[in-house]
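Quick notes on the structure that follows.
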Amino acid sequence: TFAGGSFLDASCTVVINPEPSVSAGNDGTFCSGTATLHLTATTAATTFLWTGPGITGANQAQQNPSIPGATTAENGLYQVTVTDALNCTNSATTTVGIYALPPVVLTVNNPNNFICTGASYNLSASGANTYSWTGGSTANFITINSAGTYILTGTESVHNCSNTDQVVITAASSP
């Protein structure tokens, strides 16, 4: 700049602050509805903004939000944007994998769920790869001859997720 016939010297210092370091993580894969999903942001930043399928207004500003009983609806990509004391921002992502439970179905060959003295009925299992019944059988069907609650647990073989179904068989009343 020229002022009154002489040049003015001016200088300025520009400071470029680094982005805050951040990494995002989660506690691994698990079966739907069986555990709490824990998200983590490793950083020295002071504010957090999470986005993703299981993030709500209640947990979006937490450094390490939790999602109790997470299901397949919470599968997907999560992103955390952090801001440090100098108002610098950075983001990181983590992918969550939650596996579906097998559609275990227990079927009774008596539609009334009553059993008469001396009668027997078959209970059959479907929807999974392996089964475990009340009483210890691992077959895909059992024969019963008494009233009671029968619980079936089925497990799929890829992710080892299990689900249950049950039926209550009642003793028929005498005529």
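The one condition from (1) under 27 Å from the mean Cα position of the chain (by Cα); (2) exposed (fewer than 12 other Cβ atoms within 10 Å of the Cβ); (3) among the β-branched types (V, I, T) that T94 does not meet is (2). Please count how many residues of the range 131-175 are β-branched (V, I, T) and either open to solvent by 40 Å² or more (accessible area, probe 1.4 Å) or touching a Lys or Arg at 6+ places or on another chain (Cβ under 8 Å) (or both). The qualifying residues number 10.
Answer yes if at least one residue in the range 31-50 is on the phi < 0 side of the Ramachandran plot and touching a His at 6+ places or on another chain (Cβ under 8 Å), and no otherwise. Among the residues of the range 31-50, at least one is on the phi < 0 side of the Ramachandran plot and touching a His at 6+ places or on another chain (Cβ under 8 Å), which makes the answer yes. For the residues A119, A128, the requirement of being part of a loop (DSSP other than H, G, I, E, B), within 21 Å of S162 (Cβ to Cβ) and open to solvent by less than 40 Å² (accessible area, probe 1.4 Å) singles out A128. For the criterion of being of a type in the set (G, A, S) and either in contact with a Cys (Cβ under 9 Å, 6 or more places away or on another chain) or within 12 Å of V167 (Cβ to Cβ) (or both), A139 fails. When restricted to residues that are touching a Pro at 6+ places or on another chain (Cβ under 9 Å), of a type in the set (A, V, I, L, M, F, W, C) and surrounded by fewer than 19 Cβ atoms within 10 Å (Cβ to Cβ), the range 56-84 contains 3. Looking only at the range 22-48, residues that are aromatic (F, W, Y) and closer than 15 Å to G97 by Cβ come to 1 in all. Can you work out which of the residues in the range 27-55 that are open to solvent by 70 Å² or more (accessible area, probe 1.4 Å) and out of contact with any Ser or Thr (no Cβ under 6 Å at 6 or more places or on another chain) is farthest from S157 (Cα to Cα)? Filtering first and then ranking leaves T46. Scanning the range 5-58 for residues that are of a type in the set (D, E) and in contact with a strand residue (DSSP E or B) (Cβ under 7 Å, 6 or more places away or on another chain) yields E19, D27. Taken over the range 22-40, the criterion of being within 28 Å of D84 (Cα to Cα) and assigned to a strand (DSSP E or B) is satisfied by V22, S23, A24, G25, N26, L37, H38, L39, T40.
Of all the numbered requirements in (1) within 29 Å of V15 (Cα to Cα); (2) within 12 Å of the chain's Cα centre (by Cα), V82 misses one, and that requirement is (2).
Applying the condition of being within 30 Å of Q79 (Cβ to Cβ) and open to solvent by less than 90 Å² (accessible area, probe 1.4 Å) to the range 1-20 and asking which residue is modelled with the lowest pLDDT yields N17.
T107 meets each of the listed conditions (1) of a type outside the set (G, A, S); (2) under 30 Å from S146 (Cβ atoms); (3) surrounded by 15 or more Cβ atoms within 10 Å (Cβ to Cβ) apart from (3).
The values are calculated or read from the model by the stated rules, or taken from the named source; none is laboratory data. This is a predicted model, so every value here is computed, not measured. Glycine also receives a Cβ, built like all others from the backbone with ideal geometry; neighbour counts cover every protein chain displayed. Please note that ligands, DNA and RNA were not included when accessible areas were found on the heavy atoms of the full protein model with its side chains. Shrake-Rupley method; radii C 1.70, N 1.55, O 1.52, S 1.80 Å.
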